[in-house]
Every structure is written in C-alpha cells, then in structure tokens.
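One structure is given here, and the rest of the page talks about it.
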Amino acid sequence: MSAVAAELEKQIDALLAAPPFSLAPAAHQARLLALLQQQLTGAAERDERLRRYLDAWPSDYRAAKSIADLPYLPVGAFKLSPPLTLSGTQEIVRTLASSATTGQTPSRVALDAPTSRRMVKGVVAITTDFIGSMRRPYLVIDTAETLAGGGQLGARAAAIQGLRPFATEMVCCLRGDAAGEPQIDEPRLSSFAARWGAAEVLAYGFTYVIWQHFVKPLRERGTRLQMPNIRVLHSGGWKRLQDQAVTREVFAGGVAQVFGCAADRVLDFYGMVENVGVIYPDCEYGHKHVPAFAAVIVRDPLTLRPVEEGQHGLVQVCSVLPTSFPGFLVLTDDIAQVIRYDGCACGRRGISFRFVKRVPHVEIRGCGNIETIRQRPAAV
C-alpha cells in the first residue's frame with residue numbers, strides 16, 4: 001500500500017471510529033470533500049474510462065468548493081458488465097448484485113477485502129447509534145433456509161447476517177411449507193417469546209415478509225406476544241406493500257400490535273447496493289440521517305442544483321467507504337424531501353430527509369434483494 005493510500009485509509013478509519021452523527025455540517029463538508037477529491041484522483045489513475053469521464057465534466061473536481069460540485073455517476077452506470085471496478089480481479093473477494101425482474105439488468109459492485117471490512121464497520125456504527133451496542137437475543141423473522149446460501153447470499157440473508165454482531169443467540173421463527181412459502185414456526189416462536197418476554201430483544205425481517213407471513217397470520221389468530229422491549233428492524237419490500245395500501249404507519253402499528261410493544265420500537269431503514277455500508281434508519285421523528293463517512297444531496301430534477309429545506313428532489317448518495325469500485329458519488333432514481341440541513345430535534349447533526357418514492361416509469365431496482373457471489377480463482 002502506498003503512503004497516499006495508507007493515509008486515506010487512516011482518515012476513513014477515523015471517521016468510522018467517531019460518533020457517526022456528531023460532526024457539524026461545515027466540518028463534515030470539509031473533511032468529506034477532501035477525501036472524495038483524493039478518491040476521484042485515485043479512481044482516474046486506475047480506470048481510463050473514469051479518467052475520460054472526469055476530464056469531460058464541465059468543471060475541475062480538484063477546484064470544487066463543495067461536495068455538490070463534484071462529478072457524480074448515474075446509478076445506471078453500475079449495470080455495466082463487467083462491473084466498474086478499481087481493483088484487480090485477484091483482489092475482488094465478493095460481488096454484490098441488486099435483484100432485477102425478468103428483462104432487467106441488476107446493478108453490480110465489486111468488493112475487495114478493505115471495502116468489505118469498511119462496509120461491516122459502517123453498518124455496525126450506524127446501527128449502534130440507534131439501538132446501542134448491547135448484545136441481545138435475536139429473533140429472525142425468516143426461515144433458516146434463507147441463510148443456507150452457501151457461496152450465494154440473498155438480500156434477506158445479507159441483512160440478517162449484518163446484525164449478528166448484536167446477537168447473543170439467533171432464532172429463526174419462520175419455516176417453509178411444502179410449497180416453500182414461509183409460515184410461522186409456532187413452537188419456536190412461542191418458546192422464544194416465553195423465554196425472553198420483557199427482556200431487551202432484537203428482531204429483523206424483510207418488510208414484506210414481516211407483514212405477509214408474520215403480522216397478518218398473527219392478527220388473524222388474535223395472537224399478541226408480550227414482548228414490550230423488543231426492537232424490530234426492517235428494510236426492503238415497500239413496493240409490494242404500497243400496492244396493498246400499507247403505509248409506514250399502518251405497518252408499524254401492525255407490528256407493534258402483535259409484539260405488544262410501542263410503534264416507535266419499529267425501525268425502518270433505507271439503503272442500496274451502490275451505497276454499500278451506509279444505511280439510513282428513521283429517527284424518532286421519522287427522519288433519515290447521514291453518518292460522518294457519507295453525504296446525501298437532494299437535487300432539483302430540472303436544474304440538478306441542491307434543493308432548499310422542505311423541497312423534493314433526486315437523491316444523490318456519497319460515501320468514502322468504497323475503494324474497490326467508484327461508488328463515491330452516485331445520483332439515484334429515488335426522490336426525497338429535505339426536512340432540515342441541520343438541527344433535527346433528535347440531536348443528530350447534518351441533513352435530515354424523508355424518502356418519498358422512486359421516479360415514475362423507472363424500473364424497480366430491488367435495492368434490498370442483494371445476492372452475494374463469491375469470486376472463484378481464474379483458471380490457469
């Protein structure tokens with residue numbers, strides 16, 4: 001590793017080790033801008049296509065005064081095959097691919113060992129800020145078969161495994177029926193609830209799976225678990241629930257009803273494969289926040305300039321975590337509303353925003369349904 005790369009690694013690690021939501025906006029902007037400029041320079045040196053792209057940008061990124069002035073890639077660039085990569089084939093340990101329905105092309109990002117390590121650290125740092133670092137019993141609202149992916153790991157399994165650092169034990173409370181459809185494993189769920197009752201417990205599930213295969217059956221049976229201190233995390237699958245007119249409020253209320261907990265103990269988070277290692281949970285006021293090692297810019301769809309507070313626009317995600325693929329600055333096809341640029345009542349510094357919807361007529365990206373493909377050594 002060169003001296004420049006070692007210094008970059010040191011600075012990224014420092015951001016990962018610091019409280020994720022404590023930096024004042026000006027300090028956050030300055031630190032990230034300098035790091036992103038360094039990463040763009042490194043990317044241009046390693047990939048001729050990116051060098052040409054940066055050279056063709058209307059302004060020189062090295063003279064940029066803000067992150068919003070830096071050149072960004074459209075999210076569709078990650079659908080290229082082979083995927084954009086800044087590392088040699090021998091250094092890639094894993095390729096993450098978003099799901100795609102028939103006829104659609106998935107996004108793919110290549111991870112080397114350092115990027116993979118930062119990805120884990122990023123998710124743990126963010127999650128810790130919201131639920132604490134304490135390890136606790138972990139209820140997985142999914143089947144054990146979901147985790148049995150061998151060399152290939154689906155989205156639900158990846159998210160489940162990502163929360164294992166917070167677990168003292170892990171229990172899957174669904175099982176597949178004869179047709180492979182998830183259904184509640186009554187003995188396991190009853191045993192878990194009886195054993196841990198009012199204890200601090202963590203639960204995770206894919207949003208659609210929780211609603212369709214857990215909440216709805218329990219409500220139909222009139223079952224109410226007595227687990228008031230459970231913390232339920234969920235992600236992905238909103239499109240299918242919105243088609244059923246299930247809002248976030250309805251979802252949280254339904255989950256709270258069956259667990260016997262308060263609705264504010266149900267935590268939704270947003271993320272995407274192109275922004276690996278960064279997730280955006282809701283705070284107690286329903287706002288999403290950005291950690292010290294990342295940034296979010298909401299751009300006007302017509303002018304592409306950053307919007308004012310209260311306005312809607314296209315989401316651009318920025319991160320210093322990836323060094324094996326150019327995921328530093330990515331313009332997505334998601335629409336969000338900026339709540340405030342600083343001063344959320346929850347106390348977290350920096351921008352707060354709310355995810356609104358995907359741009360109309362854009363294919364569903366399947367951001368949560370991630371498969372993981374282990375790289376095999378090339379034939380000699």
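The values are calculated or read from the model by the stated rules, or taken from the named source; none is laboratory data. This structure is a prediction, so every number in the text was calculated from the model and none was measured. For neighbour counting, all protein chains shown are included, and Cβ atoms are generated from backbone atoms with ideal geometry for every residue, glycine included. Quick note on the areas: whole protein, heavy atoms, side chains included, nothing else; ligands and nucleic acids left out. Shrake-Rupley method; radii C 1.70, N 1.55, O 1.52, S 1.80 Å.
Okay, here's what the table says:
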read-out	value
Residue list for the stretch 194-203, restricted to those being open to solvent by less than 30 Å² (accessible area, probe 1.4 Å) and modelled with pLDDT of 95 or more	VAL201, LEU202, ALA203
Selection status of ASP129, open to solvent by 20 Å² or more (accessible area, probe 1.4 Å) and touching a residue at least 40 places away in the same chain (Cβ under 8 Å)	yes
Residue list for the stretch 132-145, restricted to those being open to solvent by 20 Å² or more (accessible area, probe 1.4 Å) and outside any loop (DSSP other than H, G, I, E, B)	ALA144, GLU145
The stretch 164-185, residues that are more than 13 Å from LEU139 (Cα to Cα) and either assigned to a helix (DSSP H, G or I) or not acidic (Asp, Glu) (or both)	PRO165, ARG175, GLY176, ALA178, ALA179, GLY180, PRO182, GLN183
Residue satisfying condition, being at pLDDT below 90 and crowded, with 17+ Cβ neighbours inside 10 Å, within set GLY350, GLY366, GLY313, GLY327	GLY366
Counted residues, the stretch 1-29 - those being of a type in the set (Gly, Ala, Ser) and either under 16 Å from THR127 (Cβ atoms) or not in a helix (DSSP H, G or I) (or both)	5
Residue list for the stretch 213-240, filter: under 22 Å from the mean Cα position of the chain (by Cα) and either within 21 Å of ALA157 (Cβ to Cβ) or not aliphatic (A, V, I, L, M) (or both)	ARG231, VAL232, LEU233, HIS234, SER235, GLY236, GLY237, TRP238, LYS239, ARG240
Output for the stretch 299-334, where each listed residue is in contact with an Asp or Glu (Cβ under 6 Å, 6 or more places away or on another chain), part of a loop (DSSP other than H, G, I, E, B) and free of Cβ contacts under 8 Å to residues at least 40 places away in the same chain	VAL307
Where a residue in the stretch 1-19 is closer than 12 Å to PHE293 by Cβ and its partner, wherever it lies, is aromatic (Phe, Trp, Tyr) and open to solvent by less than 80 Å² (accessible area, probe 1.4 Å), with Cβ under 9 Å and at least six apart	ILE12/PHE293; LEU15/PHE293; LEU16/PHE293; ALA18/PHE293
Selection count where residues are open to solvent by 30 Å² or more (accessible area, probe 1.4 Å) and either touching a Leu at 6+ places or on another chain (Cβ under 6 Å) or more than 21 Å from THR127 (Cβ to Cβ) (or both), scope the stretch 229-246	7
Helices (runs of 4 or more DSSP H) contained in the stretch 187-244 and holding at least 3 residues closer than 24 Å to ILE279 by Cβ	207-210, 238-242
Selection within the stretch 35-44 - open to solvent by less than 20 Å² (accessible area, probe 1.4 Å) and under 21 Å from ILE297 (Cα atoms)	LEU35, LEU36, GLN39, LEU40
Residues of the stretch 1-34 that turn out to be of a type in the set (Val, Ile, Thr) and surrounded by fewer than 20 Cβ atoms within 10 Å (Cβ to Cβ), as a count	1
Within the stretch 245-260, considering residues that are assigned to a loop (DSSP other than H, G, I, E, B) and among the hydrophobic types (A, V, I, L, M, F, W, C), the one modelled with the highest pLDDT	VAL246
Subset of the stretch 257-298 (residues that are open to solvent by 10 Å² or more (accessible area, probe 1.4 Å), farther than 16 Å from ARG354 by Cα and in contact (Cβ under 8 Å) with a residue 24 or more places away in the chain)	GLN257, GLY260, CYS261, ALA262, ARG265, VAL266, VAL276
Extreme residue, farthest from GLU9 (Cα to Cα), among residues of the stretch 55-65 that are part of a helix (DSSP H, G or I) and either open to solvent by 20 Å² or more (accessible area, probe 1.4 Å) or in contact (Cβ under 8 Å) with a residue 40 or more places away in the chain (or both)	ALA56
